[in-house]
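**Q** Let me give you the structure first, and then I'll get to my questions.
The values are calculated or read from the model by the stated rules, or taken from the named source; none is laboratory data. Nothing here was measured: the structure is a model prediction, and the numbers come from that model. Every residue, glycine among them, receives a Cβ derived from its backbone with ideal geometry; neighbour counts consider all protein chains shown.
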Amino acid sequence: MFRFTSINDYHAALNAEHTTCTQAVKFYLDQITAHENLNAYLEVFAEEALEQAAILDAERKQGKRLGKLHGVIIGIKDVLSYKGHSLTAASKILENYTAVYTATAIQKLIDEGAIIIGRQNCDEFAMGSSNENSAYGPVKNAIDNSKVPGGSSGGSAVAVQAGLSMISIGSDTGGSVRQPADFCGVVGLKPSYGRISRYGLIAYASSFDQIGIFSKTIDDAALVLEVMAGEDEFDSTVSSKPVPAYSKEIEKTNSPKKVAYFKETLFHPGLDAEIKSKIESYLKDLTAKGYIVEAIDFSLLSYLVPTYYVLTTAEASSNLSRFDGIKFGHRTKESIADLNDLYKKTRTEGFGEEVQRRILLGSFVLSAGYFDAYFTKAQQVRQKLVDLTSTVFSKYDLILSPTVPSTAFGLGAHNHSATEMFLADIYTVYANLVGIPAISIPLFTHSNGMPFGLQVMSASFNEVGLLSFSKEQMLNKL
Ligand code: GLN
């Protein structure tokens, strides 16, 4: 039977003719069917994936140069454009929309031989922490079906967790890759802001959004990052810094040794006691192994979630204004003469409750009477965070923290309270507010049976340091 451990092992098996891309695709298609109850995929591109696999198998036999991701089976979150394929952002408003071009990051995967197997369920417009905001039903955590997988890239996390793709591509605006990775026990990487082109990613909050990677191993994440990263004439916010060969660099680089943690993160009242004690003893172990581990004060912790939600909803209210039934998306069937009424009816029908809440909140914080009190204030906090971050990274290589204050919660557990749900993001939004890369690595298991991760953050564009440290930690776990 086909078994996936890493891209390297898979390539070795292909080269040794122990397996073929076609066999791999068939295996994943069977697994996806067998796990339909998890609701991880909104659509599976079965025929196309098989056709692509046959082409790749033939090319390999002919001895053609193989792409870095030759035959790698990848699922994509349904916020990434893939020409000719439906693209819904898990929203009713885009129910019948077909992508007219392919996101740069996805094209780069395809150019290196990846097989895109389907589009994955998520929270509507990537807004949520539990995947319960999808118009197409919630995703279930494969370890315990009564639990959420996290969000917003829940389907993508579960696909890697349950072996329904080798790699998934998600997006992370405030934790949407790292938080579900933590809940599902897989690796979740959000690169630096500007590392990967956002062209073709449906915008939620453009100054926060970044495409991210789910994988089983650090090496796989490094390789996929190396393929997707880099300049793009279609995204002016993407960095022109050269892209290191991450998969090779992490082998050569000495793992960083100077780490800091924010005292307040470990003393937060919402943090689960067992997560706290396991992370604390982990930090002690690091010291014993010769790392420098120091606690630093972080008085701004309680401002992170409010700042994040003021700024992201403001950006979202603007970004989502294009979905009005005229420019994009669903239009109400009712015959309405007045244009404003048409917009209202269309958007009320098309958007779910959480998206509507955020558009309203965003319009409020941008409105004339409140702009300075909320939006300007939040921008000021963001600047303070940026300043503090550069001070921290002038002394330390990495910042460590829990990824999430709890393990995966029950489906429906936080549905009564938006603020309770928002607090699940307390440790993850910081990296997006300041644009630094961050990863959740699956190091721990709670006595309740659920996995949880360690979050590692580094200075912007120090993905090599971040990944080499993470790889070392994963190896120590084995
Ligand atoms: N849970 C956060 C939110 O709802 C993060 C979402 C994301 O990263 N896309 O905004």
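**Q** So, in segment 32-72, of the ones that are surrounded by 17 or more Cβ atoms within 10 Å (Cβ to Cβ) and polar (S, T, N, Q), which residue ends up farthest from the chain's Cα centre (by Cα)?
**A** 52
**Q** Go through (1) within 28 Å of residue 126 (Cα to Cα); (2) at pLDDT below 95; (3) exposed (fewer than 15 other Cβ atoms within 10 Å of the Cβ) and name the single condition residue 335 misses.
**A** (1)
**Q** Return the pair list, or none, for Cβ contacts closer than 7 Å from residues in segment 424-449 that are within 17 Å of residue 388 (Cα to Cα) and part of a strand (DSSP E or B) to residues that are within 12 Å of the ligand (Cβ to nearest atom) and modelled with pLDDT of 95 or more, at least 6 apart or on different chains.
**A** Here the result reads 438/178; 438/190; 438/431, each pair linking segment 424-449 to a residue that is within 12 Å of the ligand (Cβ to nearest atom) and modelled with pLDDT of 95 or more.
**Q** Among 284, 276, 257, which is the only one that is under 28 Å from residue 470 (Cβ atoms), surrounded by 14 or more Cβ atoms within 10 Å (Cβ to Cβ), modelled with pLDDT of 95 or more and among the basic types (Lys, Arg)?
**A** Result of the check over 284, 276, 257: 276.
**Q** Same structure, new question: Take the residues in segment 302-327 that are part of a helix (DSSP H, G or I) and aliphatic (A, V, I, L, M); name whichever of them is surrounded by the fewest Cβ atoms within 10 Å (Cβ to Cβ).
**A** 305
**Q** Looking at segment 97-112 only, could you name the residues that are assigned to a loop (DSSP other than H, G, I, E, B) and either without any contact (Cβ under 8 Å) to a residue 24 or more places away in the chain or surrounded by fewer than 23 Cβ atoms within 10 Å (Cβ to Cβ) (or both)?
**A** Residues satisfying the conditions are 97, 99, 100, 101, 102, 112.
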